[in-house]
Amino acid sequence: MAMSSPASTSTSASTSASPGSPARQGLPSSARLKVRLTLMTLLLVALLTSLSSLLVRNMSASVTPALRDDLRWKAQRGVVELSYSADFGVLTANQQQLSEAAAQYTRDPDVAYLRFRDAQQQVLLEHGAASGLPPLQETPEAVVESHRAFLAWAPVVIEGLRVGDVTLAVSKRRLQAGTQLYRRMLLLGGLGALIALAMALLFVRRYVTPILRLTEQTSRELELAARAALASAEAKSRFLANMSHEIRTPMNGMFGMLHLVQQTALDSRQRRYLDVISSSARSLLKVVNDILDLSKLNAHGYQLLAEPCSPRHLVDETLLLLSQRARDKSLELSAEIDPSTPAGVLLDGDRFRQVLSNLLGNAIKFTEQGSVQVSVRARAEAGVQRLEVAVSDTGPGIPESAQPRLFQAFSQVDESSRRAHEGTGLGLAICKQLIELMGGQIGYRRREEGGSSFFFSLPVQSCALPGSSAVSATTPPEAPASAAPLYAGKPLLLVDDNEVNQIVAVEVLEQLGFSVDVAASGQDAIDAALSKEYALILMDCQMPGMDGYEATRELRRRQAGRRVPIVAFTAHALPEEREKVLRSGMDDILLKPIEPAELTALLARHLGAPSAGGEQRSPSSGPRQRLSGPAAPGTANVATALVDESEPVLAAGVRRPPRAVASFLRQTPAEIDSLLAAVREARSDDVRRIAHKLKGSAASLGAPELTRRCEELQDRAHEASHEQLVLLTRSIEQAYQRARAALEQHPPEVNTA
């Protein structure tokens with residue numbers, strides 16, 4: 001069994017977490033944070049400085065005009081008052097009288113200069129210094145303003161006779177002091193802003209920077225942890241895909257060989273032994289499927305598809321599948337569908353059938369006598385229509401002490417080493433997660449008359465449903481009465497650019513009675529589908545020029561009338577491929593190589609199950625999605641052994657027409673030579689294209705090792721080194737030589753199932 005190596009795991013880890021991973025998106029760097037914080041500090045300081053400057057300016061603007069007017073008025077009023085109060089002192093030239101009259105002004109700090117003169121212009125009294133004062137025109141009550149003072153002059157008159165004059169200068173020191181205060185406040189504001197900025201930068205450096213460094217380190221550690229978690233999840237997913245491939249491939253071979261052996265002449269003991277082997281193999285396959293289902297649910301890997309379904313048909317179909325098991329135990333298996341149940345609802349039919357099949361299988365397994373019944377009804381609750389389903393049996397029931405463990409993974413009612421029934425305890429856990437994924441609830445109750453009843457309810461929406469005929473659960477459909485082709489005369493279009501795939505598919509489809517037309521490109525497929533009405537189209541996904549996805553989208557856009565079912569015909573079975581196929585407008589997937597059971601089920605879904613007379617029953621519902629076959633292999637370490645001896649060279653039960661084998665052996669050596677040339681010249685797109693083509697041929701002829709090697713090269717064509725690509729190409733060459741030897745040793749007729 002091949003497992004992914006540490007090298008491949010580390011590669012996945014490195015590719016899964018890109019530099020722009022979600023762990024660090026939106027987190028600026030430390031330097032950017034510091035720059036932002038510094039800019040915010042500068043902006044705040046500038047804002048505060050501007051506000052303080054504006055405040056001082058407003059205060060100055062409101063005070064200065066009033067003070068100016070007050071000083072001007074003091075000068076003007078002062079000379080007038082002095083000219084009246086000191087008139088006799090001027091007339092008599094009495095210094096004492098003049099001093100007493102001017103005492104109030106000489107004590108005033110605003111008065112910068114005071115002077116009395118007589119009629120002959122002789123100075124009688126002078127106070128202060130006149131230097132710096134402008135010459136005063138002898139205009140009564142005139143006020144002259146200079147940079148130093150407000151200067152006023154008035155004559156001294158007694159009974160109409162001028163006896164002298166008085167001059168008064170009021171200083172502007174208070175105005176100048178206000179201006180100086182305004183400037184000092186601006187200077188202090190700027191200085192305070194610089195100090196605040198320096199303190200902010202110091203705070204950023206001393207305190208914020210360590211915090212940012214710690215935050216960045218924590219963010220880096222979280223990113224690394226997220227990358228490790230993503231890498232672990234991817235490695236787990238890849239490991240499960242590898243395990244699915246590695247386990248299912250040999251098991252498919254086992255089932256094929258068991259089927260062939262059971263067709264030979266056997267005595268009763270040999271047949272009993274083979275029945276035990278077959279039962280054990282199917283039990284093992286169920287365990288593998290359950291583990292993979294649970295893993296996908298835990299990883300949120302399940303995608304629901306709401307489609308038009310018939311609840312009655314889903315129930316009848318499930319009962320039909322389990323009817324033989326019920327008959328083996330002489331149990332009565334029945335269904336009760338309430339008349340209120342809608343004929344069609346929007347529902348994921350595959351998931352519904354999976355849950356119902358699990359509950360019914362458990363009921364049959366644990367019931368030794370009596371009956372198992374399914375009841376279905378519809379009920380409206382708070383404006384939402386719900387589909388309620390119950391599975392009841394007459395078994396021993398479940399003890400109350402074990403009921404809390406019912407829906408836990410790996411938990412069983414009887415956990416003793418002597419329990420009578422086998423199982424992993426995953427079924428109910430998967431059912432619970434699927435029901436909750438569909439928005440419903442699941443539960444258990446013990447029946448009063450004895451036995452168990454599991455029930456679940458789902459929100460549904462009624463819808464129109466194409467005509468369908470439910471299959472009776474109590475009467476299995478009979479096989480066709482004649483060996484006539486099942487789909488005689490129905491036209492089918494096969495779209496594939498690979499000659500080997502064409503030969504294999506055409507032979508299988510023609511044996512079913514189809515009239516097969518072949519198109520080798522997407523454009524040819526469009527031309528054919530628009531010129532002729534086909535019952536079904538098998539579409540290869542990857543082709544040169546227009547691929548299958550683009551061709552399907554174009555067909556869906558241009559086709560009118562009946563919607564022709566288009567089925568992807570591919571060897572790629574990853575969940576991403578399923579989503580891509582459905583998004584393009586295709587209805588289903590058929591995996592290479594073609595397995596009769598899968599092909600029959602697919603045709604029944606889209607064309608209706610053939611009846612005894614070769615007529616077709618209607619399909620049970622509208623288009624639905626389904627994937628089957630092994631999961632796609634993961635990327636193995638190409639440095640390990642190039643040949644896995646444990647892997648079968650040719651899978652059993654695969655149809656290999658002689659023409660297809662001859663074409664494969666004739667064309668493959670040239671394809672490998674082209675592949676080597678593309679690797680040497682580093683043409684990665686050509687490497688992918690040629691590897692995909694080889695993979696399709698190998699898958700159609702049932703060569704699993706060669707198919708896996710080609711898929712590894714196709715997946716890694718853009719990321720692997722030149723040396724790794726060379727090793728992978730060598731492994732393809734060796735796998736082809738093994739397949740060629742096996743095909744030449746066993747003629748195609750021997751390998752035809």
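Applying the set (1) open to solvent by less than 30 Å² (accessible area, probe 1.4 Å); (2) without any contact (Cβ under 8 Å) to a residue 60 or more places away in the chain; (3) not polar (S, T, N, Q) to V111 leaves exactly one unmet item: (2).
Listed by first and then second residue, the pairs linking a residue in the range 672-698 that is assigned to a loop (DSSP other than H, G, I, E, B) to a residue that is open to solvent by 40 Å² or more (accessible area, probe 1.4 Å), with Cβ atoms under 9 Å apart and 6 or more places separating them unless they lie on different chains, are A682/H722.
The condition of being without any contact (Cβ under 8 Å) to a residue 60 or more places away in the chain, of a type in the set (D, E) and open to solvent by less than 20 Å² (accessible area, probe 1.4 Å) does not hold for D527.
Screening the range 311-336 for residues that are open to solvent by less than 30 Å² (accessible area, probe 1.4 Å) and among the aliphatic types (A, V, I, L, M) and picking the one that is modelled with the lowest pLDDT gives L322.
Looking only at residues of the range 157-190 that are surrounded by 14 or more Cβ atoms within 10 Å (Cβ to Cβ) and of a type in the set (D, E, K, R), we find that the one that is farthest from E126 (Cα to Cα) is R174. Which of the residues that make up the range 650-684 are of a type in the set (A, V, I, L, M), modelled with pLDDT of 80 or more and in contact with a His (Cβ under 9 Å, 6 or more places away or on another chain)? Those that are of a type in the set (A, V, I, L, M), modelled with pLDDT of 80 or more and in contact with a His (Cβ under 9 Å, 6 or more places away or on another chain): L650, V679, A682. Restricting the range 565-588 to residues that are of a type outside the set (D, E) and open to solvent by less than 10 Å² (accessible area, probe 1.4 Å), the residue that is modelled with the lowest pLDDT is T570. State the number of residues belonging to the range 92-106 that are touching a Leu at 6+ places or on another chain (Cβ under 9 Å) and surrounded by 14 or more Cβ atoms within 10 Å (Cβ to Cβ). The total comes to 7.
The values are calculated or read from the model by the stated rules, or taken from the named source; none is laboratory data. Predicted, not measured: the structure shown is a model, and the values here were computed from it. Neighbour counts run over all protein chains shown; Cβ positions are idealised from the backbone, glycine included. For accessibility, only protein heavy atoms count, side chains too; no ligands or nucleic acids. Shrake-Rupley method; radii C 1.70, N 1.55, O 1.52, S 1.80 Å.
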